[in-house]
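Here is the structure we will look at, set down as structure tokens.
The values are calculated or read from the model by the stated rules, or taken from the named source; none is laboratory data. Not measured: the values here are computed from a predicted model. Because the Cβ atoms are built from the backbone with ideal geometry, glycine has one as well, and the counts that use them run over all protein chains shown. When the accessible area is computed, the model is the full protein with side chains, heavy atoms only, and any ligands, DNA or RNA have been set aside. Shrake-Rupley method; radii C 1.70, N 1.55, O 1.52, S 1.80 Å.
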Amino acid sequence: MGLAQIPVSKAISDRIKSTLIAPEHIRKVSDGHYFIDFGKDAFGTLVLTFKSREKDSVIIHLGEKLTRPSVIDKEPGGTIRYQKIKLTDIPLQKEYVIKLAVDKRNTGPKAIALPESVGVITPFRYCEIENLDVPIDDVIIRQKVYNYEFNDNSSFFTSSDTVLNKVWDMCKHTVKATSFAGLYIDGDRERIPYEADAYINQLSHYAVDNEYSIARNTNEFFIKHPTWPTEWILHMVPLFYYDFQYTGNKDLITKYYDDLRRRTLMEIAREDGLISVKSPLMTKEVLSGINRKQNLRDIVDWPTGERDHYDMVDVNTVVNSFHYWNLRLMAQIAGHLGKKADSIDFLNRSLLVKKTINDKLLDPATGLYVDGENSKHSSLHANMFPLAFGLVSESNRKTIIEFVKCKGMACSVYGAQYLLEGLYQQGQGDYALSLMTSKSKRSWWNMISTGSTMALEAWDMKYKPNSDWNHAWGTAPANIITRYMWGITPGSPGFKIVKIKPQLGQLKFSKIKVPTANGPIMANYKLVDENHALYTIELPRKVTGVFDVGENVKVFLNDRSMESTKPIFLNQGLNTIHVKW
């Protein structure tokens, strides 16, 4: 297994399963030369069974990308994968597993080592076979795919927008296909867990399956193996917070409470509440408390070209927005654990940070946040993160929303998670939906149109030339569709209560199945006419719901008129809701 030094536990490796996938399409290119398409890019290897004796050696090409129909790109660029293998002495009437070359980088000392039972695998969708002197019908060809346990039937989504449907399908497949390591990894180039990648991966996994162990194992991994970006450390509290919200299990927030407290970076806060990793307060002792030997570095967005010309000052707005969010979440965690004094302390600290950000990092002349202390530049990032984390006052709300919208998708696929969250939280669902269904170069549709069936590391290879084609941090639409467009979120830890606040925009119909710890939630929407929408919500046993359709509408629940200004409570089983305006 090369140089990999971080093996997964036996409990994890036992849940990594293999599946043999038959080709969707086989085409004869010329005598002895065949092209095979397995339909989707996936991590695995090729398995051949010859029914008759092959006299000569056979050449195998495996790849993720085509140059033209039925021709694999042999020089795909970046970290798009391609391998050529020469086979000799092929056994007869016996499964023959292709031996793939080891990649030095993704088997390095920081990478996750795959179990010996898995061996060497690579992502590929296409295969070419050359120099075949037996009939193609005499060869059984299979893509042997590996992934962590996954229930394809746990979720579904469809709508009147075919682009959105394809984006959802790509994101769901990405979550499944990239689970092969048993932990959330950043893609095939490194196969290293990173906190921000894992955060988006975790939320999207919640949207497509109610399998929680891979998230929990990854989160525990980060306690001992933190990475270098400041904001990545500031993803630890959200990772553990949402584990608790979706599972209802307090074990991890109890066990790692002190670790999470330190990862708010509150120990380096100034008197006004703001933080900077350049501060003299960032001592070796503080770093040791978060299992770091070297200091952190602010990242804002990645790659650097996706920062909207961010002014990387020492005390920056994005980092401190994350710090504020961490304090707010820790206040809730402490409250759930009965630590009342801590909860009040975290809340008070968060209020101080919020006041300071709005006093010192907001330009009163423009009504926009600047990139940091003493900066004169206002980027998309300095405004979309405060919008997503609830820092924006009502008096500046309109200005900041308009600014954020005029910027378009001027952030990376990682930043898109927070851009979309902020937009939906501010009731800008129509615009957010237009971003998810856009066909511009900076869109999920562009990933699909390039030929990939998994999310790319960047919007396009031109924005990050070393990108891979299998990066789950590009799956934001999966969780945004569930959590914000349909608005289905835990109303209490473990989904004993569900909140539903749909913002379905211009969709004419939509259906969704959302997995939870207590069973699936089934929801259906139909625009009956321009003044009438019909929802049906089916909740599992022992789950109740609160439905929010906004103001200035007439609501009928199971044919009973309701006051839309009051919470609309849903019971287990089928609930029919008519909304008229």
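Within this structure, N201 fails the test of being touching a residue at least 60 places away in the same chain (Cβ under 8 Å), open to solvent by 10 Å² or more (accessible area, probe 1.4 Å) and closer than 20 Å to N151 by Cβ. Only a single criterion out of (1) open to solvent by less than 30 Å² (accessible area, probe 1.4 Å); (2) free of Cβ contacts under 8 Å to residues at least 24 places away in the same chain is not satisfied by K74, namely (1). Inspection of segment 212-227 identifies no residue that is part of a loop (DSSP other than H, G, I, E, B), out of contact with any Lys or Arg (no Cβ under 7 Å at 6 or more places or on another chain) and under 15 Å from M330 (Cβ atoms).
So, of the residues in segment 519-545 that are touching a Gly at 6+ places or on another chain (Cβ under 9 Å) and farther than 19 Å from T247 by Cα, which turns out to be most open to solvent (accessible area, probe 1.4 Å)? So that I can check it myself, show each step before the final result.
Initial filter on segment 519-545 (touching a Gly at 6+ places or on another chain (Cβ under 9 Å)): 521, 537-545.
Cutting the leftovers down to farther than 19 Å from T247 by Cα gives us 537-538.
Working: I537: 0, E538: 90 Å².
Only one residue fits best here, namely E538.
Open to solvent by 10 Å² or more (accessible area, probe 1.4 Å) and either at negative phi or at pLDDT below 95 (or both): is that true of L391 in this structure? No: the conditions fail for L391.
This table checks each residue for (1) open to solvent by 10 Å² or more (accessible area, probe 1.4 Å); (2) touching a strand residue (DSSP E or B) at 6+ places or on another chain (Cβ under 8 Å); (3) modelled with pLDDT of 95 or more; (4) of a type in the set (S, T, Y).
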{"position": "Q143", "(1), (2), (3), (4)": "no, yes, yes, no"}
{"position": "Y148", "(1), (2), (3), (4)": "no, yes, yes, yes"}
{"position": "T158", "(1), (2), (3), (4)": "yes, yes, yes, yes"}
{"position": "W168", "(1), (2), (3), (4)": "no, yes, yes, no"}
{"position": "H173", "(1), (2), (3), (4)": "yes, yes, yes, no"}
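I'm told A476 meets every condition in (1) open to solvent by 20 Å² or more (accessible area, probe 1.4 Å); (2) under 22 Å from Q428 (Cβ atoms) except one. Can you identify the failing condition by its number? Single failed check for A476: (1). Is at least one residue of segment 240-251 part of a loop (DSSP other than H, G, I, E, B), open to solvent by less than 10 Å² (accessible area, probe 1.4 Å), in contact with a His (Cβ under 8 Å, 6 or more places away or on another chain) and at pLDDT 95 or above? The answer is no, given that none of the residues of segment 240-251 is part of a loop (DSSP other than H, G, I, E, B), open to solvent by less than 10 Å² (accessible area, probe 1.4 Å), in contact with a His (Cβ under 8 Å, 6 or more places away or on another chain) and at pLDDT 95 or above.
Take segment 348-379 and flag every residue that is assigned to a helix (DSSP H, G or I) and either within 28 Å of the chain's Cα centre (by Cα) or crowded, with 22+ Cβ neighbours inside 10 Å (or both).
Looking only at segment 348-379, we keep the residues that are assigned to a helix (DSSP H, G or I), and these are 348-360.
Correct list: S350, V353, K354, I357.
Condition test on E271, is it on the phi < 0 side of the Ramachandran plot, in a helix (DSSP H, G or I), surrounded by fewer than 22 Cβ atoms within 10 Å (Cβ to Cβ) and of a type in the set (D, E)? So E271 does not fit the description; no.
When you scan segment 492-507, do you find a residue that is surrounded by 23 or more Cβ atoms within 10 Å (Cβ to Cβ), on the phi < 0 side of the Ramachandran plot and within 18 Å of the chain's Cα centre (by Cα), even just one? Give the steps one after another, and end with the answer.
We begin by selecting, within segment 492-507, every residue surrounded by 23 or more Cβ atoms within 10 Å (Cβ to Cβ); these are 495, 498, 500, 502.
If we keep only those that are on the phi < 0 side of the Ramachandran plot as well, we get 498, 500, 502.
Now restrict to residues that are within 18 Å of the chain's Cα centre (by Cα): none.
Within segment 492-507, not a single residue is surrounded by 23 or more Cβ atoms within 10 Å (Cβ to Cβ), on the phi < 0 side of the Ramachandran plot and within 18 Å of the chain's Cα centre (by Cα).
Checking each residue in segment 298-313 for being of a type outside the set (S, T, Y) and closer than 24 Å to N358 by Cα picks out D298, I299, V300, D301, R307, D308, H309, D311, M312, V313.
Given the residues Y414, Y369, which is the only one that is in contact with a Leu (Cβ under 7 Å, 6 or more places away or on another chain) and either touching a residue at least 12 places away in the same chain (Cβ under 8 Å) or hydroxyl-bearing (S, T, Y) (or both)? Talk me through it step by step, then tell me what you get.
Numbers: Y414 fails: in contact with a Leu (Cβ under 7 Å, 6 or more places away or on another chain).
Only one candidate qualifies: Y369.
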